[in-house]
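Please read the structure below before turning to the comments.
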Ligand code: ADP
Ligand code: ZN
């Protein structure tokens, strides 16, 4: 009899002991009964001398012969559980593909093969008059044929008839695994000669390819970072080792994939949130078997097993989509660092606008720092300027001066990109007579007016209602909109520039598979001259014919309560500027503002992101903020606001420490959502470990607070928003 510790997908911060006759390896799945339920758990280790051995339940079934979580992934699960203080069973549940959580086989699905039965000659003779059946049996004479291939030539009726006669029989067997199969056709296509900075970056990365070596590749937009990735992984792939590339949610376009596929002529494993469970499992299996040389995926792709790990790349490492905002709130970029360390391989974090966390690691030499300061192919930098809109007439949010600059660019046949940070027609509907504002009752925030869909929509909870005709408060017919969104700009510009073809790109207009891609292709085919859109336009796409970028409102971020707002604004503005003026067309960018003298804007515009970011780091240091201090936040939500607040008040009394500062309970930045009031308690310290220790010790007591079961609460380590 053996005893094992099993991680079970329940919100309890412990493993459970089970007994078994055969000892499964750590990382294997087992079915177990847990209370009244049957669950799939994962063995985390053996236990030699449990207390009360006769009370221990036996495992129902061992599901895997070989672990679904290899040594490295199991180690990462333990790290995740400890670092994010998240129950190990739930961590493992998050890490596994959905079908494996449900207990499905981790081996590739069996393939069916058809064989000819004995006495072939006799059987063939008997089929002299059934031509099709004769041909089908004949096809199997020399060797068995895969069912799929056989059915391409012969209908099922023929195959079934032969089987009934006993002339052929089928056999199921797992498909052969073909580790390093890309090496059979790996070939490097024509590539540009790297410039000096690229060459330095490539050779530095390549030289450290058999050990842990993290790098920040800080390269202005269009400086050829992707080209550096491509040339740096060449040797890794040629040596038969695999490369895992993480991209932001919206950056995984067919172009990205085809750049890697066509350079090396190989199959790429693709993992993104829209993939179905079966395809996801298949990529997971092929990566684990070492069949795929390159795997490109969004956040959760960091959990993909690799048989021959060679390198990890995180593109646009500053992107928000790498942070999971519910359940296990991990940061895929930070996990990538841990993973590369555990696998003992290099890691490249690439971006034009490094997060202050990563930049600090590079400046303090924890990471190697590779820089690309020039745009590739001779394209010039976009010239940035601030447009003072004080006292200027604004039409649908655009100043007259801005309109005339736009007119110039349009008249030269170039494209103009207008950035607005709000989708919809207007961010509020109010009564011009009584001042009544239409707010979502559940979130106490104004509804956004959507003209195309003819409704009011809450951007916090998704709730919607029809657009009213009269004021529900005073009954007058004087409802007006306040503020501008993408739809309104689209309307206004259509009137202002009749005949100029325009397209709106926001999450409303590009809903649906491939719609974004088609729109982007149309833009680059110059079917449109005016592009109006949100964040989506700032992410990774190149618009070679855009010569003017207009940012309509950057004042909000300058005065935000979120200490990261200015960093986010600077990244957004810089990324947007990078979309414009490729190749032969120089670009310019204008930022409309009521605060033209604001030091942040001035620094950004005159000195660029790299300078701004270093200044911002100094400021964070002086004001005791991340990355110089660590943070964790406990959030609490309830329909009864007092209860949510009281819970955190009680938590606070459980968290006494000399080195951890407590801030709160405070209302969250979004104070109410979906009918629930939201509060937070922020923990901050110069010692990351002190926060972790304090929370670890207090968690059992927090969990058993009577109020804990009456509110929704969660713990977020290294929170990225508040
Ligand atoms: P980034 O990833 O930094 O945005 P890319 O790698 O996409 O930059 O490069 C931008 C453009 O410049 C691409 O069209 C790419 O093919 C081209 N390019 C990159 N490096 C070179 C080079 N050394 N010589 C010529 N063209 C290059
Ligand atoms: Zn709402």
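The values are calculated or read from the model by the stated rules, or taken from the named source; none is laboratory data. Computed from a predicted structure; not experimentally measured. Ideal geometry is used to build each Cβ from the backbone, glycine not excepted, and the neighbour counts take in all protein chains shown.
Considering only residues of segment 279-336 that are over 18 Å from the mean Cα position of the chain (by Cα) and part of a loop (DSSP other than H, G, I, E, B), which is farthest from ligand 1 (Cβ to nearest atom)?
The residue in question is 289.
Could we say that residue 435 is under 29 Å from residue 670 (Cα atoms), loosely packed, with under 14 Cβ neighbours inside 10 Å, within 28 Å of the chain's Cα centre (by Cα) and outside the structural domain of residue 569 (by the TED database) here?
Values: under 29 Å from residue 670 (Cα atoms): yes; loosely packed, with under 14 Cβ neighbours inside 10 Å: yes; within 28 Å of the chain's Cα centre (by Cα): no; outside the structural domain of residue 569 (by the TED database): yes.
So residue 435 does not fit the description; no.
Quick one: residue 95 ticks every box in (1) outside the structural domain of residue 32 (by the TED database); (2) surrounded by 15 or more Cβ atoms within 10 Å (Cβ to Cβ) bar one, so which box is it?
The number of the failed condition is (1).
Can you name the helices (runs of 4 or more DSSP H) wholly within segment 116-214 that have at least 1 residues being within 16 Å of ligand 1 (Cβ to nearest atom)?
Numbers: elements: 120-126, 131-139, 147-153, 156-164, 196-207.
Counting at least 1 such residues, we get 196-207.
Scan segment 438-458 residue by residue and report those that are touching a residue at least 12 places away in the same chain (Cβ under 8 Å) and surrounded by fewer than 18 Cβ atoms within 10 Å (Cβ to Cβ).
Looking only at segment 438-458, we keep the residues that are touching a residue at least 12 places away in the same chain (Cβ under 8 Å), and these are 438, 440-458.
Within segment 438-458, 441, 442, 444, 451, 452, 453, 454, 455 qualify.
Looking at the structure I just gave you, is residue 488 outside the structural domain of residue 223 (by the TED database), in a helix (DSSP H, G or I) and closer than 24 Å to residue 398 by Cβ? Give the derivation first.
Details: outside the structural domain of residue 223 (by the TED database): yes; in a helix (DSSP H, G or I): yes; closer than 24 Å to residue 398 by Cβ: yes.
It is true that residue 488 is outside the structural domain of residue 223 (by the TED database), in a helix (DSSP H, G or I) and closer than 24 Å to residue 398 by Cβ.
Would you call residue 53 modelled with pLDDT of 95 or more, surrounded by fewer than 20 Cβ atoms within 10 Å (Cβ to Cβ) and farther than 27 Å from residue 715 by Cα? Reasoning before the result, please.
Details: modelled with pLDDT of 95 or more: no; surrounded by fewer than 20 Cβ atoms within 10 Å (Cβ to Cβ): yes; farther than 27 Å from residue 715 by Cα: yes.
No.
Considering segment 460-472 alone, what residues qualify as being near ligand 2 (Cβ under 8 Å from one of its atoms) and touching a strand residue (DSSP E or B) at 6+ places or on another chain (Cβ under 7 Å)?
Initially, segment 460-472 is screened for residues near ligand 2 (Cβ under 8 Å from one of its atoms), giving 460-463.
Once the filter is applied, which keeps residues that are near ligand 2 (Cβ under 8 Å from one of its atoms) and touching a strand residue (DSSP E or B) at 6+ places or on another chain (Cβ under 7 Å), segment 460-472 yields 460, 461, 463.
Kindly state which strands (runs of 3 or more DSSP E) lie completely within segment 649-722 and contain at least 1 residues that are within 16 Å of ligand 2 (Cβ to nearest atom) and surrounded by 16 or more Cβ atoms within 10 Å (Cβ to Cβ).
Details: elements: 661-673, 676-685, 712-717.
It comes to 661-673, 676-685.
Does segment 383-406 contain any residue that is within 16 Å of ligand 1 (Cβ to nearest atom) and either in contact with a helix residue (DSSP H, G or I) (Cβ under 6 Å, 6 or more places away or on another chain) or part of a strand (DSSP E or B) (or both)? Write out each step before concluding.
Quick first cut of segment 383-406, residues within 16 Å of ligand 1 (Cβ to nearest atom) only: none.
No, segment 383-406 contains no residue that is within 16 Å of ligand 1 (Cβ to nearest atom) and either in contact with a helix residue (DSSP H, G or I) (Cβ under 6 Å, 6 or more places away or on another chain) or part of a strand (DSSP E or B) (or both).
Looking at 417, 347, 356, 372 in this structure, which one is within 16 Å of ligand 1 (Cβ to nearest atom), within 30 Å of the chain's Cα centre (by Cα) and either closer than 27 Å to residue 537 by Cα or not assigned by the TED database to the domain that holds residue 530 (or both)?
Details: 417 fails: within 16 Å of ligand 1 (Cβ to nearest atom); 347 fails: within 16 Å of ligand 1 (Cβ to nearest atom); 356 fails: within 16 Å of ligand 1 (Cβ to nearest atom).
Of 417, 347, 356, 372, the one residue that is within 16 Å of ligand 1 (Cβ to nearest atom), within 30 Å of the chain's Cα centre (by Cα) and either closer than 27 Å to residue 537 by Cα or not assigned by the TED database to the domain that holds residue 530 (or both) is 372.
If a residue has to be buried (at least 18 other Cβ atoms within 10 Å of the Cβ) and within 19 Å of residue 259 (Cβ to Cβ) to count, how many in segment 514-559 make the cut?
Result for segment 514-559: 8.
Okay, residues lined up against (1) under 21 Å from residue 372 (Cα atoms); (2) surrounded by fewer than 19 Cβ atoms within 10 Å (Cβ to Cβ):
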| site | (1), (2) |
| --- | --- |
| 586 | yes, yes |
| 589 | no, no |
| 592 | no, no |
| 595 | no, yes |
| 599 | no, yes |
| 611 | yes, yes |
| 615 | yes, yes |
| 620 | no, no |
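When you go through 608, 578 one by one, which is the residue that is away from ligand 2 (no atom under 16 Å from the Cβ), outside any loop (DSSP other than H, G, I, E, B) and on the phi > 0 side of the Ramachandran plot?
608
For segment 383-406, how many residues meet the condition of being touching a residue at least 60 places away in the same chain (Cβ under 8 Å) and exposed (fewer than 14 other Cβ atoms within 10 Å of the Cβ)? It would help to see each step written out before you state the result.
Initially, segment 383-406 is screened for residues touching a residue at least 60 places away in the same chain (Cβ under 8 Å), giving 383-390, 395-399, 402-403, 405-406.
Retained after the next criterion (residues that are exposed (fewer than 14 other Cβ atoms within 10 Å of the Cβ)): 385, 390.
Count: 2.
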